[in-house]
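Engineer: What follows is a single structure, and I will ask about it in a moment.
The values are calculated or read from the model by the stated rules, or taken from the named source; none is laboratory data. Not measured: the values here are computed from a predicted model. Using ideal geometry, Cβ is built from the backbone for each residue, glycine included, and neighbour counts are taken over all protein chains shown.
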Amino acid sequence: MSLLSTALDFVAGLPLAIPDPDPTPPPGFEGPVGLIIGMLRWGGLAMAVIGIIIIAARLTINIRRGEAAHELGGLGYVALAVILIGAAAALVGFIAGA
């Protein structure tokens, strides 16, 4: 027998309805885990605001020198981080198939 026919026989023997239970947190973890995730999200957004302030200060200094293009790239990275932080729960739900 070839490897392909052996693999096909194996796949044909698998059950067709593979169980897919909904993800549920263990008892007692809903509150503390939600609190920790909320605090981490708030901290991430606070760091993003600080990053925007730092980039704006560097942009103000370097625009007089004509070297402001590098800071605009940094602003794009901060904007991407804010989008990822804000959409983290939706992204994880989409990837997990919820």
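Engineer: Could you look through the range 50-91, keep only residues that are free of Cβ contacts under 8 Å to residues at least 24 places away in the same chain and β-branched (V, I, T), and pick out the one that is farthest from I37 (Cα to Cα)?
Structural biologist: I63
Engineer: OK, next. Let me confirm something: among I53, I61, which residue is exposed (fewer than 13 other Cβ atoms within 10 Å of the Cβ), farther than 30 Å from I95 by Cα and under 25 Å from the mean Cα position of the chain (by Cα)?
Structural biologist: Details: I61 fails: under 25 Å from the mean Cα position of the chain (by Cα).
Going through I53, I61 in turn, the sole match is I53.
Engineer: Among the residues of the range 79-89, is any outside any helix (DSSP H, G or I), under 17 Å from the mean Cα position of the chain (by Cα) and at pLDDT below 85?
Structural biologist: Yes.
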